[in-house]
1. Return only the number of the condition from (1) open to solvent by less than 80 Å² (accessible area, probe 1.4 Å); (2) assigned to a loop (DSSP other than H, G, I, E, B); (3) of a type outside the set (Ser, Thr, Tyr); (4) at pLDDT 85 or above that Arg35 does not satisfy.
2. As an exercise: evaluate Leu44 against (1) at pLDDT 95 or above; (2) open to solvent by 60 Å² or more (accessible area, probe 1.4 Å) and give the number of the one condition it does not meet.
3. Scanning for something at pLDDT below 70, on the phi < 0 side of the Ramachandran plot and touching a Pro at 6+ places or on another chain (Cβ under 9 Å), does the range 9-16 turn up at least one residue?
4. Residue by residue through the range 47-67, note down the ones that are open to solvent by 60 Å² or more (accessible area, probe 1.4 Å) and assigned to a loop (DSSP other than H, G, I, E, B).
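The values are calculated or read from the model by the stated rules, or taken from the named source; none is laboratory data. Keep in mind the model is a prediction, meaning the values are calculated, not measured. In this analysis, Cβ positions are derived from the backbone assuming ideal geometry, glycine residues included, and neighbour counts consider all displayed protein chains. Side chains included, ligands, DNA and RNA excluded: accessible areas come from the protein's heavy atoms. Shrake-Rupley method; radii C 1.70, N 1.55, O 1.52, S 1.80 Å.
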Amino acid sequence: MAEQPRQPVDASPLPALATVPKKRKEPKVTGYNFRMSASEKKLLSYASEVEDISEQKILERLVWPALKERYGNQ
């Protein structure tokens, strides 16, 4: 039997990634360790795999826009 063609699946857990504006180029400073549970780590790894970007980028694209929206650009 012939193999059926696969249907594309939109499994993107982060649909707003494309709408995040680029940051100005600023020097990086030492950051924080980000603690998480084992299940949260698995979720982060999954998101990174689906989006095909690093786990660091996933966190940056979620954390900074949320903080800026809530507290402004200080």
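1. (1)
2. The one condition Leu44 does not meet is (2).
3. To start, the set of residues in the range 9-16 that are at pLDDT below 70 comprises 9-16.
Then drop every residue that is not on the phi < 0 side of the Ramachandran plot, which leaves 9-16.
After this cut, where a residue has to be touching a Pro at 6+ places or on another chain (Cβ under 9 Å) as well, the list is 16.
Yes: one or more hits.
4. Correct list: Asp52 only.
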